[in-house]
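One structure below.
The values are calculated or read from the model by the stated rules, or taken from the named source; none is laboratory data. Not measured: the values here are computed from a predicted model. Every residue, glycine as well, gets a Cβ built from its backbone with ideal geometry; the counts of neighbours run over all protein chains shown.
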Amino acid sequence: MQKVIERIRAEVMDTLTFYSWPGNIRELQNFIECSVILTSGGTLCCPLARLGSGAEVNSSGEPVTLEDLNREHICRTLQQTRGVIMGPNGAAARLGIKRTTLYARMRKLGISRSNKTC
């Protein structure tokens, strides 16, 4: 492209590092090529929105753990079901797991329906 790119912002580098790159090296290569095309100055301009939610990084720049994602997903499902766990419209059914498994995961993750620990 005959462009001189001298800098990549830290948050961009963190996102690129922690993204899972499901398309492997080809997806990364295409993304960098697109970024170079979009860059007009000396700082790489990356369209991070194109990566979607695959790049999970919290506000401190640390990667989000699988435990954090599980906790968030269970909490969101409990909110959607208004705390209902059992039954065809309960959280367990929506998550595709048995109610006993959901209770065990909630206990492990410190989630409680009674005190709204989500």
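Among the residues of segment 1-60, just one is loosely packed, with under 10 Cβ neighbours inside 10 Å, under 28 Å from E72 (Cα atoms) and modelled with pLDDT of 85 or more, namely A10. Pairs are defined by a Cβ separation below 6 Å, a sequence spacing of at least 6 or placement on different chains, a first member in segment 97-109 that is surrounded by fewer than 12 Cβ atoms within 10 Å (Cβ to Cβ), and a second member that is part of a helix (DSSP H, G or I); no pair meets this definition.
For beta carbons closer than 9 Å, sequence separation of 6+ or different chains, a first residue in segment 80-95 that is closer than 21 Å to L69 by Cβ and a second that is of a type in the set (K, R) and part of a loop (DSSP other than H, G, I, E, B), the qualifying pairs are G83/R113; G83/K116; I85/R113; A92/K98. Summed over segment 5-51, residues that are of a type in the set (D, E) and over 27 Å from L66 (Cα atoms) total 2. Scanning segment 96-118 for residues that are modelled with pLDDT of 90 or more, part of a helix (DSSP H, G or I) and of a type outside the set (K, R) yields T100, T101, L102, Y103, A104, M106.
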